[in-house]
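Here's the structure, in structure tokens; my notes come after.
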Amino acid sequence: MHKFATLDDGSPDGALAAVCGDLSNCRTYNGMTLQAMLDGRNCPSNGRDTPFSRNAALPPLPRAHQFLDASAYVNHVHLVRMARGADMPGSFWTDPLMYQGASDRFLRSCDPIFGKFEWGIDFEAEIAIITDHVPQGTAPEEAGESIRLVMLLNDISLRNLIPAELSKGFGFVQSKPHSACSPVAVAPDGLSGWDGGKLHGILNVDLNGEPFGRADAGIDMTFDFPKLIAHAAKTRSLCAGTIIGSGTVSNRDSKGGPGKPISQGGKGYSCIAEQRMVETISTGSAHTSFLRHGDTVRIWMEDDNGHSIFGDITQKVEALT
């Protein structure tokens, strides 16, 4: 068994289900949750086979003990600093950036994104892992053994709220609402692109049906997941079911400079902010708008046969009423 989902059975944590490779069918584990499986509870399959629909699936972990989001692709951070004309501290290349996000609830892969246009609504296409228990002080060389599942994440950001919030020196709260997860999480040994610390493969992002990002998640990842786990566990243990996000997947161009849009032969971007930063660096100002009401973003990865690995995250932006 490599792929798992959580079906909506009316309870807060849903019902665990094993999903077949092409995501067409699943088998439920009655009375079981994914968190219970991560905690080591025996889960014999006692359900029946049914067609799998992402619309009937909750996030793999509808709520988690902990959500930590990193900025593992330092190229993305470098572009932020370049666009502002600011130098980047050298420590950013050796010490990961990480914040603790909202984990009391995650959005389903088909849930709308609610917000006000003036907030600067943006998506961030990421890879995320779900860990086993991690003891405090675990070294990177050992941390990879605690990676139980891999999934996709849309870390929704409200860009225009970030500067004022960070200026207080106390981190994100209002500018980082609940994130959305892919409907399926996959064990590392079920992923052909997994190398023990990174997931290689194209992370596809479409905006309103047009290609926006085709970055390779295994390239330009400065800090792999074992390093992120060890960073988080330096001063505390991590409980089973901790979710760690990679941060926005970001690739340089072939010459080492900022990535180019897909329309110019590049790999595009995994968030609108990065495209705006490249526009600012190249022309002096950004002209691509953040998400507007009615916009739709789609995030997915495919296997070698063109099948969706984790299921799609497809979300439409709706006005906050």
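The values are calculated or read from the model by the stated rules, or taken from the named source; none is laboratory data. All of these numbers come straight from a predicted model, not from anything done at the bench. Glycine also receives a Cβ, built like all others from the backbone with ideal geometry; neighbour counts cover every protein chain displayed. These area figures cover heavy atoms from the full protein model, side chains too; ligands, DNA and RNA do not enter into them. Shrake-Rupley method; radii C 1.70, N 1.55, O 1.52, S 1.80 Å.
Here are the numbers for the structure shown:
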{"quantity": "Dimensionless Rg/Rh of region 65-201 - Kirkwood Rh, Rg from C-alpha atoms", "calculated": "0.97"}
{"quantity": "Segment Ser263-Ala102, extension gain: residue separation times 0.36 nm, minus the distance between their alpha carbons", "calculated": "54.5 nm"}
{"quantity": "Potential lengthening between Phe117 and Glu210 on full extension [0.36 nm per residue; Cα-Cα distance subtracted]", "calculated": "31.4 nm"}
{"quantity": "Spatial separation of Cα centroids for region 281-311 and region 145-173, in angstrom", "calculated": "18 Å"}
{"quantity": "Gain on full stretching of the segment that runs from Met88 to Asp39 - 0.36 nm per residue minus C-alpha separation", "calculated": "13.6 nm"}
{"quantity": "Carbon and sulfur %, accessible surface of the chain computed with the full protein complex present, 1.4 Å", "calculated": "49 percent"}
{"quantity": "Region 20-123, Cα convex hull volume normalised per residue, Å³", "calculated": "177 Å³"}
{"quantity": "Those residues of region 41-69 whose amide nitrogen sits under 20 Å from the label point placed on Asn25, 7 Å along Cα→Cβ", "calculated": "44-57"}
{"quantity": "Probe 1.4 Å, protein heavy atoms only - accessible area per residue of region 46-199 in square angstrom", "calculated": "43 Å²"}
{"quantity": "FRET E, pair Glu141, Asp253, Förster distance 22 Å, beta-carbon r, rounded to 0.05", "calculated": "0.10"}
{"quantity": "Residue (of Gly101, Ser250, Gly284) at the positive-pole extreme of the chain, dipole from beta-carbon charges", "calculated": "Gly284"}
{"quantity": "Accessible surface ranking that places the most exposed of Lys168, Lys176 first, with a 1.4 angstrom probe", "calculated": "Lys168, Lys176"}
